[in-house]
Amino acid sequence: MTTEARRAADNPGAIAHPALDATYRRITWRLLPFLMFLWVLSWIDRVNIGFAKLQMLSELRFSETVYGVGAGIFFIGYFLCEVPSNLLLEHVGARKTIARITLLWGLCCVAMMTVTTPMFFYGLRFLLGVFEAGFYPGVILFLTYWYPSERRAKVFGLFMSASALAGVVGGPLAGAIMAGLHGVNGWSGWQWVFLLEGIPSILAGLVTLVYLTDRPAKAGWLTPEQRALVEADLARDAAALGPREYRILASLKDVRVWHCIAIFFCIVTANSALTFFGPSVVRDAGVTDPLDVGWIMSAAYLCGGAGMILNGRHSDRTGEARLHCGVPAFVGALAIALTGLLVTAAPILALVTLGLAIVGTMSAIPVFWQIPSRFLAGSAAAAGIALINSVANLAGFGAPAVMGYLREHTGAASTGLWLVAAVEAAALMLILAFVPPATPGMERRAQARAAHEPA
């Protein structure tokens with residue numbers, strides 16, 4: 001039996017066309033590199049505060065608590081504006097929305113170099129969250145316009161692995177800027193970090209207006225046949241998934257949305273703690289040079305990016321999402337707990353477990369987004385995905401604030417790390433309790449497509 005025949009037998013609604021995979025490859029090469037580049041800029045501009053902290057706290061006489069609140073208050077602005085931004089994207093299109101977001105967060109990042117007081121610090125971090133709100137869930141929603149459900153986890157993994165690439169690039173870059181430009185033009189190294197890492201985002205926002213295409217039907221860089229193939233495949237996928245919620249208010253009342261919020265809250269708690277305090281943990285392990293700290297975090301994020309891609313690919317091939325999300329999160333939680341135990345007793349081992357914590361936590365994130373897309377569509381998906389991301393990202397405020405407070409009052413990171421580990425471990429329990437296994441139809445479609453794909 002041929003590949004197409006096996007595929008048709010396993011999934012009668014699937015489109016068996018030799019050009020379809022080539023069309024999706026073309027879409028991927030057109031969209032993903034640019035979206036990943038934007039996510040790299042976004043991630044760098046969001047988390048460069050973790051590296052700038054190594055200089056700015058002593059210069060500005062900020063406490064660990066002030067830093068923790070400032071790092072986390074970003075997510076309050078993020079929370080307030082996430083749903084409106086995603087609903088706006090649904091109505092005006094991804095091109096205009098993503099361009100506006102990118103331009104404004106770049107301007108805010110540059111303004112961070114002028115911080116002198118805690119309130120000024122809090123205000124700019126809050127505005128950075130307001131301006132960036134909608135980018136991450138907006139791209140998730142945008143990709144659902146281009147890919148059917150059985151191709152999404154891999155694509156989500158590729159896109160989100162850019163946060164790992166940002167860690168690979170951002171750590172050494174921030175370290176090099178802080179070490180090499182400190183004192184130039186009378187500015188501190190941390191001020192140069194915000195200036196030089198904000199300007200590319202401003203330029204990228206302008207390029208977005210020209211480069212992005214809202215939906216397949218408007219893609220002049222696809223042939224008419226390719227556009228028709230993708231539209232037909234997306235229609236087939238929508239029919240195969242069955243009835244889904246399209247009404248905005250109903251989706252916000254759906255208990256499954258709130259289950260997803262609880263699960264993602266646990267994962268974001270760990271991800272935020274690792275992002276904003278990872279460099280501090282590395283320094284606690286005895287690494288004092290900012291450039292060396294950057295390289296160590298770079299290696300950890302490189303491994304995390306590989307984990308995201310491989311885990312997302314395997315999830316697509318098997319049609320299984322809940323364990324592909326829950327198990328890596330649990331591994332990440334165990335590694336965080338071990339990091340807290342080893343950071344003073346065995347610093348080298350602590351660096352290894354910190355890297356494992358980053359890999360486990362990051363690998364869970366792209367697969368998670370397969371869960372809500374199985375019961376939400378249209379405007380309900382725009383609102384639901386944004387609500388999940390915005391409410392869950394309140395953990396991004398709580399985790400750094402609590403970590404900073406505990407670090408200041410205990411003199412070590414261990415207690416905060418153990419608390420974060422307990423929260424992340426709860427993600428697996430919530431998944432097992434509330435997320436049903438994949439249906440046999442989902443698994444058959446995934447397996448049939450995997451057989452059809454080239455190795």
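We did not get these values from a lab; they are worked out from the coordinates using the rules stated. Because the structure is a prediction, the values reported are computed rather than measured. Virtual Cβ from ideal backbone geometry, glycine too; neighbours counted across all protein chains shown.
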Subject >> Between 0 and 90°, nearest 10: helix 255-284 axis offset from the chain longest Cα axis >> reply: 40
**OP:** Ratio to report: Rg/Rh of region 262-347, with Cα atoms as the point set and Rh obtained by the Kirkwood method; give two decimals.
**Re:** 1.03
**OP:** Report the convex hull volume per residue for region 74-223, counting only C-alpha atoms, in Å³.
**Re:** 126
Subject >> Cα-centred dipole magnitude for region 18-452, charges only on beta-carbon of K, R (+1) and D, E (-1), debye, nearest 20 >> reply: 980
**OP:** May I ask which residue of Ser373, Thr208, Ile309 lies farthest towards the positive end of the charge dipole of region 18-452, with charges of +1 (Lys, Arg) and -1 (Asp, Glu) on Cβ and the Cα centre as origin?
**Re:** Ser373
**OP:** Take the alpha carbon atoms of region 18-452, find their radius of gyration, then divide it by 2.2 N^0.38 Å using N residues; give the quotient.
**Re:** 0.95
Subject >> region 166-291, relative contact order [Cα under 8 Å, separation at least 6], % >> reply: 30
Subject >> Ascending count of other beta-carbon atoms within 10 Å, so fewest first, for Ile98, Ile348 >> reply: Ile348, Ile98
Subject >> For region 187-245, convex hull volume per residue from C-alpha positions, Å³ >> reply: 147
**OP:** Identify all lysines with a Cα-Cα distance to Lys154 below 25 Å; exclude those on the same chain that are fewer than 8 residues away in sequence.
**Re:** Lys218
Original post:
Expressed as a whole number of Å, what is the distance separating the alpha-carbon centroids of region 43-98 and region 171-185?
Top reply: 22
Subject >> Residue-span extension gain [Leu206 to Phe34] - 0.36 nm each, minus C-alpha spacing >> reply: 60.6 nm
Original post:
What is the Cα centroid distance between region 117-132 and region 285-340, reported in whole angstrom?
Top reply: 28
**OP:** Could you work out the relative contact order of the chain, using alpha carbon pairs under 8 angstrom and six or more residues apart, expressed as a whole percent?
**Re:** 27
**OP:** Using just the helices of the chain, give the 222 nm mean residue ellipticity in deg cm²/dmol: DSSP H runs with n ≥ 4 each add -39,500 (n - 2.57), and the total is spread over all residues, rounded to 500.
**Re:** -28000 deg cm²/dmol
**OP:** Among Ser163, Ser63, rank each residue by its count of other Cβ atoms within 10 Å, from fewest to most, as a rough exposure measure.
**Re:** Ser63, Ser163
Original post:
Ranked by Cβ crowding within 10 angstrom, fewest neighbours first, how are Trp187, Trp105, Trp221, Trp146 ordered?
Top reply: Trp221, Trp187, Trp146, Trp105
